Structures are given as C-alpha cells and as structure tokens.
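Any read-out appearing in this document is the output of simple, stated calculations on the displayed coordinates, not a laboratory observation. What you see is a predicted model, and the numbers here were worked out from it, not measured in a lab. Here the Cβ is made from the backbone with ideal geometry for all residues, glycine too, and neighbour counts use every protein chain on show.
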Amino acid sequence: MADFDAVVVGAGCAGSVAAYVLAREGKSVLMIERGSDAGAKNMTGGRLYAHALRAVFPGFESEAPLERKIVRERVSLITEDESTTVEFASPRLGEDEAASYSVLRGPFDRWLASKAEDAGAECIYGIAVEDLVWNGGRIVGVRAGEDEITADVTILADGVNSLLSEKAKLAKRPAPHQLAVSAKEVVELPEQTVTDRFQANPGEGAAWLFAGAATHGHVGGGFLYTNRSSVSIGVVATLSDLCTSSTPVYQMLEDFKNHPAVAPVLAGGRTVEYSGHLIPEGGFDMVPQMCCDGCLLTGDAAMLCINLGYQVRGMDYAIAAGRMAAEAALEALDAGDVSAARLATYRAKLEDSFVLKDLAAYRGFPAFMEGTPRIFDGYPQMAADIMRGLFTVDGSPVRPLKGTVMGPVKGMGVLNLLKDARKGMKVL
Ligand SMILES: Cc1cc2nc3c(=O)[nH]c(=O)nc-3n(C[C@H](O)[C@H](O)[C@H](O)COP(=O)(O)OP(=O)(O)OC[C@H]3O[C@@H](n4cnc5c(N)ncnc54)[C@H](O)[C@@H]3O)c2cc1C
C-alpha cells in the first residue's frame, strides 16, 4: 500500500489547489515544496483573473490576501523618452466573474497552501523533490534526498522549469523562443500615494503594460501593477531574442524604471523585493503530454500560460488546471485505476474548458510576436512621431493633418503596416 493517495510537488497556485481539492474529498495528500514556505520562490507580474479562484473558493474575497481590484487598464508604446498610451477605466472590469486583483505571491501562496492544510493535506517545506519512483512503467511516488515517498497518484506542479516532467518523459526541455525571462521589483509607497498617482478609489487600482523601449526594442514588454501600498514593476524578454541584445534584463528594468512615464509613479518609493523568473510563452504548441501511468502534469509545468502583450495569464490557468488534475485523480483513485488511459480525463476536462480553448484560440500568437519585430522596435516610434506632430504648437506653420499622420506611416511603410495588421488579425 502506498504512503499517500496523492503526492503533489510544488506549492504554487496549481499545486496548492490540487492538494486542497484532493484533501477536501478525504484523500490522503502530501504536498512537497522546495521553498522555505509557499510562495517563497514564486513570482508573477501581479494580476490574478479571479474567476478560476472563485470556482474553488466561492467566498475568497473575504479572506484571500488581495491587493487592489483592477478597474483601470493602460497600454503604452514607449520610445526612449516618449509614450503613447491607451487607457480604459470601467467599474465593470471589477464585477463578478470579470473581477481581477493584484496579488503578491508571498502572502497569496501562503494563504492558498493554508487552505490545503486546513482541508487535511500534509505539507513539507524546504525539501526539493529530486526524482520520481517507478514501478515498471508506472510512477509510484517521489524521491527527496534519502526519502522515498510512495503515492497512487503523483501530481507535478513544479513550475516552468520542471525537471520532473522531463524525468516523467512527458515534456522536453523548451526551446529558447518558447521561454521569456523576467526581472521584477516591488516598490513600496504609501497606500494613499498609490491611490492618488492612479486616480483610483480606495482598494482599486490599475494594470499597465508597455511595449517598445521597456525591452530596448526587443520582443517582450514591461508591466506595472498597483498593490495596496506598493507597485510591482518588471520587464519580460523572450530568451531567443535576448541573445541579440547587448543589454541584460536587469539593466532593461533599471532603464525602464527611469523612463519619464514610469519614474514619477515610483518617485520616493523603496524597493523591497527583487526577483527573476522564466515564463512559458510558446502557447498551445508548447503544451506537453499531460499524463502517464500514475502521474499528472499541471500549471506552468504543463506550459499553461499566455502573454498577449495587453494581457498576461497563467495563474488562473494554473488554478483551474490544478483543480481539474485533482478531479481527474479523484475519479481515477475511486475507480482503482490510475493508468494513463484513466487519467486522460484530465486533458479532456482542460480541452472542454477555457484553459485549452484559450490557448488554442491564440495558437498563432507567439509566432506572430516573434516574427513581427516592428511591434517592439518600430511602431512605438511611429506612434510617438504622429502624436508629437498632432500636439506640437510652436509657431511654425502647421502641416496638413494628413501629412502629420502619413509622414511617419510612410516612414514605416504602408505595406508593412497592412501586412502586420493582416497577420495580427489572423492570430487574434
Ligand atoms: C514576470 C511574470 C509575470 C507574470 N504575470 C502574470 C500575471 O499578471 N497574471 C497571471 O495570471 N500570470 C502571470 N504570470 C504567470 C504566472 O505567474 C504563472 O503562470 C503561475 O505562477 C504558475 O503557477 P504554478 O503553480 O504552475 O507554478 P509556480 O507558481 O512557479 O509554482 C511552482 C512551485 O513548485 C516549486 N518547485 C519547483 N521544483 C520543485 C521541486 N523539485 N521540489 C519541490 N518543489 C518544487 C517551486 O518552488 C514553486 O513553489 C507571470 C509570470 C511571470 C514570471
């Protein structure tokens, strides 16, 4: 007999939710996390689309450590010292299923793991799982140091750099163009200052995404999210494209913080957290096989993440996929059959849900971003040139509006614009 019904590796969004759902249904569960605490090693930009969390914890707003409800969206194209910004503010962004919140992973992940513990899951921190235990072709547990822990089902929720998914022969090492690297700081500011700087109501805040000079014109972007009494700021750059950059990511972040659109927001603040992390950005085509005999793969370990430039999602997918992995495991445990064929209901659940439907819908988007460098090194300048032309009044004779707009457009190439727009329409 196995030590546990299920062992879950990783106490991130996916792992804690999987452990919670299994424990809530009375299964014996062990969750193993290499960090000293849940969230100690985890990073996100900062915005949680809450619908997936609500499906597991209907009353989460009253107890989860949420920072601010996001009701203001900004997207900026930036050059070295100029910015063109689209802003959308709406109370409807904060309503019901559409609500989203900024979060800090330290407190948020600790809360999520505590829900699993309260439901009866056993949790061990500060221990890295190094290997899997096999019985013939079936995975029957994990090995950490000298210890071997057996379980009927093993759920791998060990994040984007999942060495265990390779050992399980489920996934291959991602290619550099499928991964992005990020650097992030949390900058502390008085709560009222954050509220004032974003013209927010108390408890409400903004998400702000950037393309262009944030990554020195390379594929990727910058982000800024308002927390209760801090802002999360960072840059994300595709690994393969970064190879052609003479500027490392940490320097990109430093330059981004000094950009005229950003520096006033951070003025007087104090950096209290600095982190770096990988993001799986290859989309649907990067999703590996998700189960084998005795084992399931979930969250970032299954590459369930999307970066659309104006929207970054991974936490809601991790929460939903963690829940579905646990549900598939429950059905298999109850049937006394944890074969790959029985566990395959997990993939079917994901395909039937927004998780794989979304990834499939944006399947062509990663290649579009990678193959359209003008988004990052051309269009921000074109937008700034048009805007400068429109808004500059310096006593020299005015140019006709058509010339003001068409000059920069012609500089970029009308055909290029049409080509990119056509490509973009196809994949979005
Ligand atoms: C810069 C950045 C910005 C992002 N912005 C957003 C955003 O705004 N909104 C959004 O929804 N998503 C965003 N994402 C994506 C999101 O953060 C991830 O998709 C999500 O955190 C995945 O959760 P997870 O539980 O699968 O993995 P993780 O949160 O990475 O958790 C994996 C856990 O496994 C543990 N672990 C790893 N290996 C082992 C081992 N061998 N033994 C034991 N434990 C192990 C780790 O320590 C970690 O705790 C962003 C990501 C980054 C990096």
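Note on the chain: Cα Rg divided by 2.2 N^0.38 Å, N the number of residues, gives 1.04.
The distance linking segment 260-315 with segment 118-193 is 15 Å (Cα centroid to Cα centroid, whole angstrom).
Relative to the longest principal axis of the Cα atoms of the chain, helix 414-427 runs at roughly 20 degrees.
In this structure the amide hydrogen of residue 123, modeled in the peptide plane, comes within under 5 Å of the amide hydrogens of 31, none closer than 5 places in sequence on its chain.
The residue among 397, 376, 416 whose Cα reaches farthest toward the positive pole of the charge dipole of segment 368-427, with charges on the beta-carbon of Lys, Arg, Asp and Glu, is 416.
Computed from backbone phi, the HN-Hα couplings of segment 90-107 come to 7, x, 5, 5, x, 8, 6, 5, 7, 5, 9, 9, 6, 9, 10, 5, x, x Hz, rounded to whole numbers (Karplus: 6.51 cos²θ - 1.76 cosθ + 1.60, θ = phi - 60°; Gly and Pro given as x). In segment 368-427, one over the average inverse separation of all distinct C-alpha pairs is 12.7 Å, which is the Kirkwood hydrodynamic radius. Helix 315-335 and the longest principal axis of the Cα set of the chain meet at an angle near 20°. Based on DSSP H segments of at least four residues, each scored -39500 (n - 2.57), the chain has a per-residue ellipticity at 222 nm of -10000 deg cm²/dmol. Other residues lying with their Cβ under 9 Å from the Cβ of residue 113 contribute a combined charge of -2, Lys and Arg counting +1, Asp and Glu -1. Of the residues 243, 123, 305, the one with the fewest other Cβ atoms within 10 Å heads the list, and the complete ranking is 243, 123, 305. By the beta-carbon count within 10 Å of each Cβ, the least crowded to most crowded order of 88, 284, fewest first, is 88, 284. Between the residues 60, 387, 367, the greatest Cα displacement towards the positive end of the dipole of the chain, with unit charges on the Cβ of Lys, Arg, Asp and Glu, is found for 387. Candidates 129, 190, 2 compared by Cα position along the dipole of the chain: farthest toward the positive end lies 190, with charges placed on Cβ. With θ set to phi - 60°, apply the Karplus curve 6.51 cos²θ - 1.76 cosθ + 1.60 along segment 54-61 and write out the HN-Hα couplings as whole Hz, x wherever there is a Gly or Pro. Taking θ as phi minus 60°, the curve returns 4, 5, 9, 10, x, x, 4, 4 Hz for segment 54-61. Put in order of Cβ neighbour count within 10 Å, fewest first, the listed residues 49, 317, 310 become 310, 49, 317. Compute the angle between helix 379-391 and the longest alpha-carbon principal axis of the chain, please, reported from 0 to 90 degrees and rounded to the nearest 10. In the chain, helix 379-391 runs at an angle near 40 degrees to the longest axis. In the chain, the DSSP beta bridges split such that about 70 percent are antiparallel, to the nearest 5.
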